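Below is one structure; the comments refer to it alone.
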Amino acid sequence: MKVTHSSGRIFFAVVKRLIDLAAAAALLPAIRLDSRGNPIFRQRRLGRDGRQFIIVKLRTMREGSGLSIDRVTPIGRCLRYARLDELPQLWNVLKGEMSLIGPRPETTLLSAVYATSVPNYIARQTVLPGITGLAQVQRPRPNTAAEKLPYDLAYIDGMSFGQDLWIVWKTVRLVGHAVIEALAKPRPSVAPASKIPSA
């Protein structure tokens, strides 16, 4: 069912918000960490209508362990590969700063750059940003802001429950495959400094 009328969009937004709240409340208690230190990584991002907010992510690396690849925790390795380190953003969902589904939020600095370099980029800020979105479930996955924008705008233009369910289904499948691949992938003992992923 495609949402076309203003009343339909309002109903869609309300129900979508209730689904966001229910999913966040169910999944947040399930998050577990396997290393000491602050479990949360914070960064300023830009949301709907250009409002700034602090995004939260799972910390996936041990503190003070040099350049060894072992700095990435066992769970963190899977989280990074499958992008499950984004799960704490369910807190942002509960606060009303994000939705489960929508265009991914960018940093304030990158948003300012893209606003002047990518035509119609600001249009993606008319809805709440999401933990996952239409661009994120594409294969091959678009990498640049200009490549992702058409998918973000297509999602906004065709907002519907069916589209959200399809994106959730695709995300679950992709995450499942990524976790299996991460667990099966051999772990090198040392990685060059340039190869160490950031937290």
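Only the coordinates and a few stated rules stand behind these numbers; no lab work does. Nothing here was measured: the structure is a model prediction, and the numbers come from that model. Virtual Cβ from ideal backbone geometry, glycine too; neighbours counted across all protein chains shown.
Sorted by mean Cβ packing within 10 Å, highest first, what order do the peptides 102-115, 120-133 take?
The peptides rank, most packed first, as 120-133, 102-115.
Between Leu110 and Ala146, what is the spin-label point distance in nm, taking each point 7 Å from the Cα along the Cα→C-beta axis?
About 1.6 nm separates the two model spin labels.
Calculated FRET efficiency, Phe41 and Val14, Cβ-Cβ r, R0 35 Å, to nearest 0.05?
Details: r = 31 Å, r/R0 = 0.90.
Calculated value: 0.65.
Stretch His177-Arg139 to full length: gain in nm at 0.36 nm per residue minus the Cα-Cα span?
Numbers: separation 38, 0.36 × 38 = 13.68 nm, distance 1.30 nm.
Here the segment from His177 to Arg139 would lengthen by 12.4 nm.
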